[in-house]
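Report on one structure; see the data block that follows.
The values are calculated or read from the model by the stated rules, or taken from the named source; none is laboratory data. On a predicted model such as this, the values are computed, not experimentally measured, just so you know. Cβ atoms come from the backbone with ideal geometry, glycine included; neighbour counts cover every protein chain shown. Surface areas here come from the heavy atoms of the whole protein model, side chains and all, with no ligands, DNA or RNA. Shrake-Rupley method; radii C 1.70, N 1.55, O 1.52, S 1.80 Å.
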Amino acid sequence: MSDEISDLGRKLRTVVGDNHLLQDADLTAGYSTDWTGRFQGHTPLVVRPANTFELAQVVILVAEAGLAIVPQGGNTGLVGGSVPLNGEIVVSTVRLDQCEAVDQLAQQVTLGAGVTLVQAQNHVASSSLVIGVDLAARDSCTIGGMIATNAGGINVLRYGAMREQVLGIEAVLADGSVISHLEGLEKDNTGYHLPSLLAGSEGTLAIITRARLRLHPYLPVRCTAMLAFSSVEDAVEATSALKRSVPSLHAVEVLFSDAMHLVSEHIGSAVPIGEKSAAWLIVEAAGSNDPLEELAGAIDDLGAVVVDVGVGVDTSSRNNLWQYREKVTEAISAKGTPHKLDVTLGASKLAEFISQLPSVVSALDGDLSVYMFGHLGDGNVHVNVLANNGGAPSERVDAAVLEYVAKLGGSISAEHGIGTAKKNFLHLNRTTAEISAFRSIKHALDPQQVLNPHVLLPQEDS
Ligand SMILES: Cc1cc2nc3c(=O)[nH]c(=O)nc-3n(C[C@H](O)[C@H](O)[C@H](O)COP(=O)(O)OP(=O)(O)OC[C@H]3O[C@@H](n4cnc5c(N)ncnc54)[C@H](O)[C@@H]3O)c2cc1C
């Protein structure tokens, strides 16, 4: 270890205490590799401050040492933005885990950035309220990470993504100053809306320490249906019809054929309905009154395009249907280290994309498998490419998939962000003027490039 790092380590230890400055490689390893295993970095130091004041001191000390920081929450991000790929110092928010009392009158809550989604869900449940964003990484992903990535998940069609939930924010800027605006006023047009700026900023502009979130009434009665379709076009049209005709619609998720067969094998279960289908929707309706009749009527109206239907009304039968969607990421990871390409297409381009993508990929390498699933209600497809020989797919595959998405007018990142994985493809969706505006914001708030300097923005031409 260099004298510079030893000196910084000594100073950081006085701020966070011995137990929260990690240096041994076996202790820092878990903070250096991402959830997929695709992105493996290294760090000399992991720092775990207990509060905003400590975190600000940490930022000042690292900046004074001329080093860079990777902010890390639950490390469930899938685009290589949360791990130190260039030897950065990791600042973990794991100890910023305070949940303040729910403001029942305003239906809001202030949470520490390190609170996991499941902790937040449990905390507000006793007030019969819910957090508007839910996703399968809920046991580990944190409120700060969810804001920093503008996480989406399974209920975006009802409540919007994470940006729509954030009413106020507290964060430490790159110079150690603290911005704090947590009053939670629904109307507050007093200049630039910093929560919106930080939502989706992927740790490049500030480290979020607390957030004021909007809550939603808990909807106690739910029913879930799985619908099988023989074509992707039918599934897309059915999604559009359900969005029009089911006011209580809560989620419309999709699994395409290869992903459905893989997850079924992984959980040791048969494909639940319509084994030879091309696409399966998992549709959930939720309300204060029983939404079953409304959902069943809408499914009847879809007519013969629905090959088969399975319905769950009690928790166990609903969970049985949901497990196929919730376990699919795990099923893919159990087979190898995938390249994950999370994209959105306009509704009119979805069927073309799903049917053509396997040939776009196999034209580059015939020994790859493509698994697709996602949030069809938002046009969001998670493309997972695995090498059949157990190795890693080539980076050219990412380029081919993302270029095809852009050609169809889609977004190369629906909800996971740009991270390090996609920064060289940002130009596919953003103009030179937009990227230049991004750089101006970054330089204004972080001129010394302390916060996640290798994430989101491509390297400038020298
Ligand atoms: C099984 C599984 C399912 C998933 N499903 C979804 C899904 O449905 N929808 C979806 O959107 N995502 C999904 N994800 C991706 C991931 O869970 C989200 O991106 C999540 O928001 C990341 O939160 P985190 O706390 O783990 O952040 P991390 O992975 O720790 O960090 C993600 C990014 O945010 C930055 N960051 C973290 N905390 C802070 C902070 N306090 N201040 C500033 N920057 C910070 C990091 O530097 C990094 O750039 C899934 C992941 C897994 C593993």
TODO: Inspect all residues belonging to the stretch 121-140 and state whether any of them is near the ligand (Cβ under 8 Å from one of its atoms), of a type outside the set (Gly, Ala, Ser) and open to solvent by 40 Å² or more (accessible area, probe 1.4 Å).
DONE: no
Task: Members of the stretch 41-55 found to be under 15 Å from SER177 (Cβ atoms) and under 26 Å from the mean Cα position of the chain (by Cα), listed by number - done: THR52, LEU55
TODO: For the stretch 153-171, state whether one or more residues are in contact (Cβ under 8 Å) with a residue 40 or more places away in the chain, of a type outside the set (A, V, I, L, M), open to solvent by 10 Å² or more (accessible area, probe 1.4 Å) and closer than 23 Å to GLU54 by Cα.
DONE: yes
Task: Number of the exception - ARG158 against (1) closer than 23 Å to VAL381 by Cα; (2) within 12 Å of the ligand (Cβ to nearest atom) - done: (2)
- [ ] Would you mind stating whether GLN107 is away from the ligand (no atom under 12 Å from the Cβ) and out of contact with any Leu (no Cβ under 7 Å at 6 or more places or on another chain)?
- [x] no
Task: Residue list for the stretch 193-244, restricted to those being of a type in the set (Val, Ile, Thr) and surrounded by 20 or more Cβ atoms within 10 Å (Cβ to Cβ) - done: THR204, ILE207, ILE208, THR209, THR224, VAL232, VAL236, THR239
Open item on the list: Cβ contacts < 9 Å: first residue under 20 Å from PRO49 (Cα atoms) and without any contact (Cβ under 8 Å) to a residue 40 or more places away in the chain, restricted to the stretch 110-128; second residue more than 10 Å from the ligand (Cβ to nearest atom) and part of a helix (DSSP H, G or I), any location; separation 6+ or different chain. Result?
Closed with: VAL115/HIS123
Task: Among (1) assigned to a helix (DSSP H, G or I); (2) hydroxyl-bearing (Ser, Thr, Tyr); (3) not assigned by TED's automatic domain parsing to the domain that holds GLN323, the one test that THR209 misses - done: (1)
- [ ] Please specify each residue of the stretch 91-104 satisfying the condition of being open to solvent by less than 70 Å² (accessible area, probe 1.4 Å) and either more than 9 Å from the ligand (Cβ to nearest atom) or farther than 23 Å from ASN19 by Cα (or both).
- [x] ARG95, CYS99, VAL102, ASP103
Open item on the list: Being outside the structural domain of GLY132 (by TED's automatic domain parsing) and either within 16 Å of the ligand (Cβ to nearest atom) or hydrophobic (A, V, I, L, M, F, W, C) (or both): is that true of HIS250 here?
Closed with: yes
Open item on the list: Restricting to the stretch 329-353, and then to whatever is out of contact with any strand residue (DSSP E or B) (no Cβ under 8 Å at 6 or more places or on another chain) and acidic (Asp, Glu), can you tell me which residue is farthest from the ligand (Cβ to nearest atom)?
Closed with: GLU352
TODO: Search the stretch 39-49 for residues being part of a loop (DSSP other than H, G, I, E, B) and touching a helix residue (DSSP H, G or I) at 6+ places or on another chain (Cβ under 7 Å), and hand back the single one that is surrounded by the fewest Cβ atoms within 10 Å (Cβ to Cβ).
DONE: HIS42
TODO: Sort out which residues of the stretch 240-290 are among the hydroxyl-bearing types (Ser, Thr, Tyr) and assigned to a loop (DSSP other than H, G, I, E, B), and write them in order of number.
DONE: SER248, SER269, SER277, SER288
Open item on the list: Anything in the stretch 436-462 that is open to solvent by 30 Å² or more (accessible area, probe 1.4 Å) and in a helix (DSSP H, G or I)? List them, or say none.
Closed with: SER436, ALA437, PHE438, ARG439, SER440, ILE441, HIS443, ALA444, LEU445
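On the given criteria, is VAL115 in contact with a His (Cβ under 8 Å, 6 or more places away or on another chain), within 11 Å of the ligand (Cβ to nearest atom), hydrophobic (A, V, I, L, M, F, W, C) and closer than 30 Å to GLN40 by Cα?
It is true that VAL115 is in contact with a His (Cβ under 8 Å, 6 or more places away or on another chain), within 11 Å of the ligand (Cβ to nearest atom), hydrophobic (A, V, I, L, M, F, W, C) and closer than 30 Å to GLN40 by Cα.
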TODO: May I ask you to say which residue of ALA68, ALA29, ALA50 is free of Cβ contacts under 8 Å to residues at least 40 places away in the same chain and hydrophobic (A, V, I, L, M, F, W, C)?
DONE: ALA29
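Conditions (1) at pLDDT 95 or above; (2) under 21 Å from ALA238 (Cα atoms), marked per residue:
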position: LEU295; (1), (2): yes, yes
position: ASP301; (1), (2): yes, yes
position: ALA304; (1), (2): no, yes
position: VAL309; (1), (2): yes, yes
position: ASN319; (1), (2): yes, no
position: GLN323; (1), (2): yes, no
position: VAL328; (1), (2): yes, no
position: SER333; (1), (2): no, no
position: GLY336; (1), (2): no, no
- [ ] From HIS427, HIS454, grab the single residue that is under 26 Å from VAL59 (Cβ atoms) and either away from the ligand (no atom under 16 Å from the Cβ) or in contact with a Ser or Thr (Cβ under 7 Å, 6 or more places away or on another chain) (or both).
- [x] HIS454
TODO: Mind telling me which of the residues VAL115, VAL83, VAL109 ends up being open to solvent by less than 20 Å² (accessible area, probe 1.4 Å), aliphatic (A, V, I, L, M) and within 20 Å of VAL59 (Cβ to Cβ)?
DONE: VAL83
Task: Within the stretch 1-38, tally of residues that are at pLDDT 95 or above, open to solvent by less than 50 Å² (accessible area, probe 1.4 Å) and within 13 Å of the ligand (Cβ to nearest atom) - done: 4
